[in-house]
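**Q** Have a look at this one.
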Amino acid sequence: MSPQSAVINDVRSQMGRDSKRAAQKTVLDARQRLTSSSGTRASFDFELMHDYASSRLRSALPIAGLVIILAIVATFWVPPLFTALWAGMVIASLLVVVLVAQRFRASDPAKFNAARWTTSFVIGETICGLSWSTLSLFTLVTNPEPLTAVMFAMVLVAVAANAVATHTLPPATLTSTLPVAITVSGNLIALGGTLNYTLAAVSVCGVVFFVYLARQLHAAELETITHQAEKDSLIAELEEARQMSDEARRHAEQANIAKSQFLATMSHELRTPLNAIIGFSEVLKSELLGPHQVPQYKEYAGDIHSSGQHLLNLINELLDLSRIEAGKYDLNEEVVSLVDIAADCRRMMELRAKSKGIELVYNVGNNLPRLWGDERAIRQVVLNLLSNAIKFTPQNGKIVLVVTRSGDGGQLVSVKDNGPGIPEEEIETVLSSFGQGSLAQKTAEQGAGLGLPIVQKIMELHQGRFDLFSKLRFGTEVIATFPRARVMDALAPVVEKKSRLEIYSEAG
């Protein structure tokens, strides 16, 4: 299998793996949503519970301090013993929640069980919520009338603190806030009176608000985790794509090296027998050793000679293109005349044009200076352009070869024919390596599709430009433009300044 085929197979197999990976990812996402306690992905449950545990551990000390402050304030109306017992129960229940959170933080994430830990946290928060709800027992040991406003304030503080601390675990939010809200609101309603009814209603509304706020915070936290997961996934995909790109580039470089080695080897292996084939077929075609007994042999020898020449030209084009792409095509630059090169190429191609009845017109600009470039490469450019024009121009057609100045002060070679032209959508194909238009595929003189790509690359090596303009049924014009920097314009003559003495002597 050739290196190019290996690269193609690698790309196809990678596309198959990508589609399979996408299908597996879709199935995995669906399964994670079905098994998730948060309704999104099971992998997010650990993140949410980890945030819950961290939040509970961070807020434990401030909430304990808040409980102590509330207990101290309540001593103005409730015996200190009862407030101390209440504070001790709340802090003890808070310690239970802290211990469960610490045990979760110390557990192995690989053995994470969302349902088991959710149950543990909900039980701990239920104990904490029930301990807060003993606040309603204060009315049993003292006059309840002055306590109603204090109990209302303590309920709102408890609900707010617990809702914020448990927002990443909605079931825990409910079990930590509802008991105290229900018991105190029920106690206020039982006491009766417009003020108590109002405080009870406000307490219920406060619980609803803080539970809603906790839900919003939970949604925001979940969205943050989702975006983080998407970012991590994107980074992983980009890293994988980079590795695939590096691997593909390595394969391409290996294929290019193998291609260059193959062409270098085959150039020697093919040229040696081809030279013999071309030489001996020319001897047979010319009948240098005597006439053939069978007339068809001369015709066959001519076919062998022309086929050998065609194959040798194809090998030379392949080698040129390979050297250019490998950056090993070195220009042998010198001062050359673009006019003389174009004239030589016209004479070489004139016989071929006349055989098809094509008129080859040559126009040259006035006083064109010389160029700095590679004569062999420039000659190859002009020959390729003329050869293409003759190949695709019909019988009795016309080709115009022009050498003149370009608009920016450079020089250009233009070859224009009145052939069938090239469809606009095929121009890019024609300019690519081995690319052939529909007309080239139909004609008997089709080549390998390397002429114009070689011209393009030679012009790039000369810092020039190659343009192709064509319209169907109106012909084609190709222009190779050399930059102004390569034009060897004559310098202005140096005028020496005369001294005053010389001027006076001439005047005298």
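**Q** Among PRO423, ILE358, VAL403, whose Cα projects farthest towards the positive end of the dipole of the stretch 333-488, with charges put on the beta-carbon of Lys, Arg (+1) and Asp, Glu (-1)?
**A** ILE358
**Q** If each residue's Cβ is checked for other Cβ atoms within 10 Å, how do CYS345, CYS205, CYS128 rank with the fewest at the top?
**A** Lowest count first: CYS205, CYS345, CYS128.
**Q** If you wrap a convex hull around the alpha carbons of the stretch 100-186, what volume per residue comes out, as a whole number of Å³?
**A** 88
**Q** Amide H to amide H, which residues 5 or more places from GLU359 or on other chains are under 5 Å from it, using H placed in the peptide plane?
**A** GLY397, LYS398, ILE399
**Q** Now, a different point. What pairs from LYS259/LYS416; LYS298/LYS356; LYS298/LYS471; LYS285/LYS354; LYS285/LYS356 go past 31 Å between their alpha carbons?
**A** Over 31 Å Cα-Cα: LYS259/LYS416; LYS298/LYS471.
**Q** Once you order the gyration tensor axes a ≥ b ≥ c over the Cα atoms, which shape class does the stretch 137-217 get: rounded for a/c under 1.5, otherwise prolate or oblate by comparing a/b with b/c?
**A** It comes out prolate by the Cα gyration axes.
**Q** Per residue Cα convex hull volume for the stretch 240-360, in cubic angstrom?
**A** 215
**Q** Can you give me the distance in nm between label points at ARG103 and ASP408, each placed 7 Å from the Cα along the Cα-to-Cβ direction?
**A** 7.9
**Q** Each residue of the stretch 422-427 in turn: what ³J(HN,Hα) in whole Hz from Karplus with 6.51, -1.76, 1.60 and θ = phi - 60°, glycine and Pro shown as x?
**A** 10, x, 4, 6, 9, 4
**Q** Show me 160-173, 361-374 ranked by packing, highest mean number of other Cβ atoms within 10 Å first.
**A** Highest-to-lowest ranking by the protection proxy: 160-173, 361-374.
**Q** Sort the stretch 290-382 into rounded, prolate or oblate with this rule: let a ≥ b ≥ c be the square roots of the eigenvalues of the Cα gyration tensor; rounded if a/c is under 1.5, and if a/c is not under 1.5, prolate when a/b is larger than b/c, oblate otherwise.
**A** oblate
**Q** Rounded to a whole number, what is D in µm²/s for the stretch 333-488 from Stokes-Einstein with the Kirkwood radius over alpha-carbon pairs (20 °C, 1.002 mPa s)?
**A** Reported coefficient: 137 µm²/s.
**Q** Counting Lys and Arg as +1 and Asp and Glu as -1, each charge on the Cβ, what is the dipole of the stretch 39-241 about the Cα centre in debye, to the nearest 20?
**A** 700
**Q** Can you compute the label reach from VAL202? Point 7 Å from Cα along the Cβ direction, backbone N cut-off under 19 Å, restricted to the stretch 155-187.
**A** 155-161, 180-187
**Q** Taking 0.36 nm per residue of separation and subtracting the Cα-Cα distance, what length does fully extending ASN275 through GLU239 add?
**A** So the chain would gain 7.7 nm between ASN275 and GLU239.
**Q** Need the full-extension length gain, LEU140 to ARG249, defined as separation in residues times 0.36 nm minus the C-alpha distance. One decimal, nm.
**A** Additional length available on full extension: 31.0 nm.
**Q** Measuring from label point to label point, each 7 Å out along Cα→Cβ, what is the VAL283 to GLU425 span in nm?
**A** Between VAL283 and GLU425, the label points sit 5.4 nm apart.
**Q** What FRET efficiency would be calculated for the residue pair ASN367, LEU312, taking the C-beta separation as r and a Förster radius of 51 Å, to the nearest 0.05?
**A** 0.85
**Q** Another one. Taking amide hydrogens as modeled 1.01 Å from N in the peptide plane, which residues meet the under 5 Å criterion relative to GLN411, leaving out close sequence neighbours?
**A** Those qualifying (amide H under 5 Å, at least 5 residues apart or on another chain) are SER406, PHE482.
**Q** Grab the other residues whose beta carbon is less than 13 angstrom from that of GLU299, score K and R as +1, D and E as -1, and report the net.
**A** That works out to 0.
**Q** Related question: How large is ³J(HN,Hα), in whole Hz, for each residue of the stretch 48-63 in order, when computed from phi with the Karplus curve 6.51 cos²θ - 1.76 cosθ + 1.60 and θ = phi - 60°, using x for Gly and Pro?
**A** 5, 5, 5, 5, 4, 4, 5, 5, 5, 5, 5, 8, 4, 5, x, 5
**Q** Rank by packing, highest mean first: peptides 306-318, 470-482, with packing defined as the count of other Cβ atoms within 10 Å averaged across residues.
**A** 470-482, 306-318
**Q** Once label points are set 7 Å from the Cα along Cα→Cβ at both GLN228 and ILE72, what is their separation, rounded to one decimal in nm?
**A** That separation, rounded to one decimal, is 3.7 nm.
Here, each number is a calculation from the coordinates, and none is a lab measurement. Bear in mind the structure is a predicted one, so any value in this text is a computation, not a measurement. Here the Cβ is made from the backbone with ideal geometry for all residues, glycine too, and neighbour counts use every protein chain on show.
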